[in-house]
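*Asks:* One structure follows; several queries about it will come next.
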Amino acid sequence: MDHGRFYSMVGGLIGGLCAAVPGLIDLLYYKGGAPPVKKIALTHMTINLIVVALYAINIWLRAGALDGKGASLSTPVLLSIIGVALLFVSGWLGGQMVHVYGVGVEGRE
């Protein structure tokens, strides 16, 4: 694996961690909306935290492959596939909160 792809993955992990901060603040201070919104928001947050953990493990496994100590990339590739699939689900849930329930849309909450 080349260094560019590795560092892109590290950048994505840092971006995910940075996005978690305002997301948590929004979750803690959200007051309005339909009853299922809180459950959707908690599910969205949980999936995103799982993805962050998967990618942290993935980066750790791939770091060994950069210096030739890692034996196989099959586990990291599988973790990437699972992570992307979970991100699709989480993105859909985020879209539901915004487009269906109006979370964060001025005048709709």
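The values are calculated or read from the model by the stated rules, or taken from the named source; none is laboratory data. Bear in mind the structure is a predicted one, so any value in this text is a computation, not a measurement. Cβ atoms come from the backbone with ideal geometry, glycine included; neighbour counts cover every protein chain shown. The protein model used for the area step is the full one, side chains on, heavy atoms only, and it has no ligands, DNA or RNA in it. Shrake-Rupley method; radii C 1.70, N 1.55, O 1.52, S 1.80 Å.
*Asks:* Restricting to the stretch 73-97, give me the number of residues that are open to solvent by less than 60 Å² (accessible area, probe 1.4 Å) and either within 19 Å of Pro22 (Cβ to Cβ) or not aliphatic (A, V, I, L, M) (or both).
*Replies:* Residues meeting the conditions: 10.
*Asks:* Counting only residues that are open to solvent by 50 Å² or more (accessible area, probe 1.4 Å) and either among the β-branched types (Val, Ile, Thr) or at positive phi (or both), how many does the stretch 34-46 have?
*Replies:* Number of matching residues: 2.
*Asks:* Please tell me if Gly95 is in contact (Cβ under 8 Å) with a residue 12 or more places away in the chain and not acidic (Asp, Glu). Can you show your working first?
*Replies:* Working: in contact (Cβ under 8 Å) with a residue 12 or more places away in the chain: no; not acidic (Asp, Glu): yes.
In short, no.
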